[in-house]
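Here, each number is a calculation from the coordinates, and none is a lab measurement. As the structure is a computational prediction, the values presented were derived from the model and not from experiment. Neighbour counts run over all protein chains shown; Cβ positions are idealised from the backbone, glycine included.
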Amino acid sequence: MDIFLQQIINGLVVGGIYALIALGYTMVYGILQLINFAHGEIVMIGAMVTISCINFLVGHNVNLSGPVLLTVSIAMAIPVTMLLGYLIERVAYRPLRKAPRMAPLITAIGLSIVLQQAATMIWGKNYVPFPAILPTDVLEIGGASITTLQVAIIILTAVILTGLFLLIERTKLGRAMRATAQSPDVARLMGVNVNTIISMTFMIGSALGAIAGVLVAANYDQAHAYMGFMVGLKAFTAAVLGGIGNLGGAVLGGILLGIIESIGSGYLGDLTGGFLGSQYKDIFAFLVLILVLIFRPSGLMGERVAERA
Amino acid sequence: MTEALLEINGIHKRFGGLHALNDIALTINKGEIYGLIGPNGAGKTTLFNVLTGLYQPDEGKFTFNGRDLFRQKPYVVVESGIARTFQNIRLFANMSALENVMVGRHVRSKASVFGAILRPPSARKEEANIRIRAQELLDYVGIPQHAEELACNLSYGDQRRLEIARALATDPKLLALDEPAAGMNPKETEELKALMQKIRNDGVTILLIEHDVKLIMGLCDRIAVLDYGKKIAEGLPEAVKSNPRVIEAYLGVAPE
């Protein structure tokens, strides 16, 4: 029972992070029908820049408490990833807007490799430790333990998700984004500058990605130039599981995937008689991806391709 | 006091070998209802798409309200004061009727995209005003009761009205309606006619594509006729109706 509860908590933490990243995929897909495979690298760069900022501030004896230090550093990393997201769309996708779908998919993969390599040149090929600036208190809940960091991750994720949904549902920008997603041509003819909306979508997704990247790095105590690949692929799976293009679906898919993975890996050893350990947890994400693609390609909340005007 | 609102001259549009618009010239005056008719494939909708910036004309002149709109982006055209509806209804199907109209206000609202995120009081107030204005427009076209319904759940006639409300939300000087009466029954057509007259009386010039000859003749101040991408006639409804070239275009030439 304790183990089960423990796995649920771990799953929620990881799942919330997946959800944040999955939103980046799904928002872009909703508007452009494009899988932005470079999004995982945005996540990685968000984490790397934040860690560099923390180290820089600590190195210059800036006397701030851990959480404040982290907040300041994330606030520096977010504009970097937003600019990067903007440039990626502007340079690699916009010129190919009218090209066959395969073309931007290939540039997406190419970009993702370029960004990984650039990151190894800046931060090296080794693991970069996450600075130990955060409190490591552990709380006990019904026999399961949860760190204050994990609590903070869950709360932060919930706040950001709520904020995003308010933005999408209640503001002029969100309305224009939904209109553009439903029919770019009509939105254009109703006076929406569709290119601005697309740029904003990439920038918002990148901001969420940067935060998610930091949370991943903080949760695992390290970052790595290639971390974006696996995290991005998992989040992509979450987006597909929820129904790609559907924001609520991305959140549901992320949390479900986090829990499935966590519970699966927790019991994998017992189930296989110790043959496979929890280090094989990644198989669950991709098992889910394969099953969804076979049995329900439109995802849990996806209504299949609404008629496009 | 006729004052030109829209003037186009020598407009050409080619799609590969097809010369969809061939040397089109039109002048629409402020305050009139201007009809555009012609057989299927004559180029009426192509001309609409050129006028609203969806297609870029190959050559020609296009000025609107003193502003050069030749090859301008659609949102600039909307901002200048041209709004349109579509022959095959194109609403944002999964948004409520009210939200559809609110999208039309986009171009008339000042809040920047960052304002939309940070939501200072001015942005909140503007958002509230957009909502009020959108509801007014639903009243205006006669479907206030459907504000919260999804656009795709509205009846066909109401969807047509909603499209008009959405176009009016952009505060147009020229409202371009592409076959608004298509698929309507006689009663709905009468109501539509009254709505168009009301819109004109409130100071909006109307450009109308329509197949319903009776509606066009009874409503328009002037009419242009397109055939095979060329303007073959223009003038008062009665004159156009008896023009031999128009009769020929619609009915073919009587054998000698």
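Miscellaneous remarks
- Burial order of peptide ranges B:186-197, B:221-232, A:185-196 (average beta-carbon count within 10 Å, highest first): A:185-196, B:221-232, B:186-197
- For segment B:151-256, the number of Lys pairs separated by eight or more positions or lying on different chains, with C-alpha atoms closer than 15 Å, is 5.
- Structure remark: mean-square fluctuation, Gaussian network model of chain B, C-alpha springs under 10 Å; the largest value among B:R166, B:R105, B:R131 belongs to B:R131.
- For the peptides B:118-128, B:135-145, B:173-183, the ranking by mean Cβ contacts within 10 Å, running from highest to lowest, is B:173-183, B:135-145, B:118-128.
- Across all directions, the average flat footprint of the convex hull enclosing the Cα atoms of the protein assembly as shown is 32.7 nm².
- Largest GNM mean-square fluctuation among A:P104, A:P95, A:P297, using chain A with Cα springs under 10 Å: A:P95.
- Taking GluC sites (Glu not before Pro) in DSSP loop conformation with at most 14 other Cβ atoms inside 10 Å as exposed sites, chain A has its longest uninterrupted site-free stretch at A:1-302.
- Neighbours of A:G16, meaning other residues whose beta-carbon lies under 15 angstrom from its beta-carbon, give a summed charge of 0 when Lys and Arg score +1 and Asp and Glu score -1.
- Anisotropy class of segment A:1-134 from Cα gyration tensor, a/c 1.5 cut: oblate
- Close lysine pairs were tallied over segment B:1-133: pairs 8 or more places apart or on different chains with Cα atoms under 30 Å apart number 14.
- Choice from A:V58, A:V28, A:V13 showing the highest fluctuation, given a GNM over chain A with Cα pairs closer than 10 Å: A:V58
- Built amide H within the under 5 Å cut-off of B:T52, gap 5+: none
- With R₀ fixed at 41 Å, the C-beta to C-beta distance from B:Q145 to B:L118 puts the FRET efficiency at about 0.70.
- Reciprocal of mean inverse Cα separation for segment A:17-226 (Kirkwood radius, Å): 18.2
- Counting, for every residue in B:16-26, the Cβ atoms of other protein chains within 10 Å of its Cβ and taking the mean gives 0.
- Local electrostatic count, B:G60, Cβ distance below 13 Å [Lys/Arg +1, Asp/Glu -1]: 0
- Trypsin sites (Lys or Arg not before Pro) within segment A:221-309, DSSP loop, no more than 15 other Cβ atoms inside 10 Å: A:R304, A:R308
- Neighbouring partner chain Cβ atoms per residue of A:169-179, average, 10 Å criterion: 6
- Once the Cα-Cα distance is subtracted from the 0.36 nm per residue extended length, the A:H60 to A:F4 segment shows a gain of 15.8 nm.
- Inter-centroid distance (Cα atoms) of segment A:39-112 relative to segment A:172-196, Å: 26
- Net +/- balance of residues flanking B:D178 in space, Cβ distance below 12 Å, scoring K and R +1, D and E -1: +1
- In order along segment A:56-73, the phi-based Karplus estimate (6.51 cos²θ - 1.76 cosθ + 1.60, θ = phi - 60°) of 3J(HN,Hα) comes to 4, 5, 5, x, 9, 6, 6, 9, 10, 6, x, x, 5, 4, 5, 4, 4, 5 Hz; Gly and Pro are listed as x.
- For chain B: relative contact order, % (alpha-carbon pairs under 8 angstrom, 6 or more apart): 26
- For chain A: relative contact order, % (alpha-carbon pairs under 8 angstrom, 6 or more apart): 36
- For chain A, the tally of Lys pairs with Cα-Cα distances below 28 Å comes to 4, considering only residues 8 or more apart or on different chains.
- Taking every DSSP helix (H) stretch of at least 4 residues in chain A, weighting each as -39,500 (n - 2.57) and dividing the sum by the residue count yields a mean residue ellipticity at 222 nm of -24500 deg cm²/dmol.
- The Cα center of segment A:113-152 and the Cα center of segment B:162-225 differ in position by 62 Å.
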